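Shown next, in structure tokens, is the structure this report addresses.
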Amino acid sequence: MMLDPTHYARWVRKVHSMENDAPINVDQLAEKCGIAVHEDSIQGFLGLWFQVRDREGIILAEGLTRRRRRFTLAHELGHACLPAHRNSRALKCLDRDLTEADVDRGPETEANAFAAELLAPRRLVVPMLSNGALSIRKGSQIADRFDVSLSCAVRRIVELGRQPTAMVLAEAGSVLWCVRRHGFPFGLPSSGEPVPPDTITADIGAGRDGSADPQAVDPAVWLPTARKRFTLLESAVPLGSTQQVLSLLWIPDFDDDPEDEY
């Protein structure tokens, strides 16, 4: 049985004496692994890992932004480093394979987990979460330190923050996907459903300002079926020039009482 992909990411950092590198030089790591990296005007996918006889390489699509390229290369290194993936002669990743959504795409999901740990390792991220609010602003700090996208950084907060959190990606007024962890209640809108009104996410969609710092919102707006009373804090910002909005929801006063259900 294969170990968790994050184990291999930590092992690769350690064996190449890059445990504390932040940000890690992914191209240098590929070179240390003996994997040639090329960029080409490939169509239909973002990256490809392949092996021919005793040689292997990675091809990346030309024109990727720096952080997109870093994650794609880290993802392809995941295919190269994860033992079960090496049974294939080649594996390519599409744009949808690099999403932060909770969608099980088998090897692609495993390669994403490897990439996230390789770029922003738990042992370096967790200390950044020990003080201050869990917010988009915190995500920006993580993104800058590890040279990853904001969505990748926010996903690390949700995964490693040890408090009830959820991230939501919306576009043109509709939810694309949600990810929740650490006891965050069920009940968030499903993919394709409208963004709830009276939220910071909805404000951005209506042309108003977002907030990288957490703001209190009515929990019933995001979680109409929740039976437990709690404080819900939301931070949300638009993503570049797209119509997408990234949101982080955080419950700071969570009472972990097994007899008290949401």
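Here are the numbers for this structure:
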{"quantity": "Any hit, segment 135-155, residues being aromatic (Phe, Trp, Tyr) and not assigned by TED's automatic domain parsing to the domain that holds PRO83", "calculated": "yes"}
{"quantity": "Those helices (runs of 4 or more DSSP H) lying entirely in segment 109-164 with at least 3 residues closer than 20 Å to HIS16 by Cα", "calculated": "122-125"}
{"quantity": "Selection status of ILE24, crowded, with 17+ Cβ neighbours inside 10 Å, touching a residue at least 60 places away in the same chain (Cβ under 8 Å) and among the β-branched types (Val, Ile, Thr)", "calculated": "yes"}
{"quantity": "Residue tally, condition touching a Lys or Arg at 6+ places or on another chain (Cβ under 8 Å) and among the β-branched types (Val, Ile, Thr), over segment 9-46", "calculated": "2"}
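To keep it simple, each residue is scored yes or no on (1) surrounded by fewer than 20 Cβ atoms within 10 Å (Cβ to Cβ); (2) of a type outside the set (A, V, I, L, M); (3) modelled with pLDDT of 90 or more.
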| site | (1), (2), (3) |
| --- | --- |
| GLU39 | yes, yes, no |
| ASP54 | yes, yes, no |
| ARG86 | yes, yes, no |
| ALA101 | yes, no, no |
| GLU117 | no, yes, yes |
| ALA120 | no, no, yes |
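Listed here are the residues, each with its yes/no results for (1) in the same structural domain as GLY139 (by TED's automatic domain parsing); (2) without any contact (Cβ under 8 Å) to a residue 60 or more places away in the chain; (3) part of a strand (DSSP E or B).
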residue: ALA170; (1), (2), (3): yes, no, yes
residue: TRP177; (1), (2), (3): yes, no, yes
residue: PHE184; (1), (2), (3): yes, no, no
residue: GLY192; (1), (2), (3): yes, yes, no
residue: ARG227; (1), (2), (3): yes, yes, no
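The values are calculated or read from the model by the stated rules, or taken from the named source; none is laboratory data. A quick note: this is a predicted structure, and the numbers were derived from the prediction, not measured. Note that each Cβ is placed from the backbone with ideal geometry, even for glycine, and that neighbours are counted across all protein chains shown.
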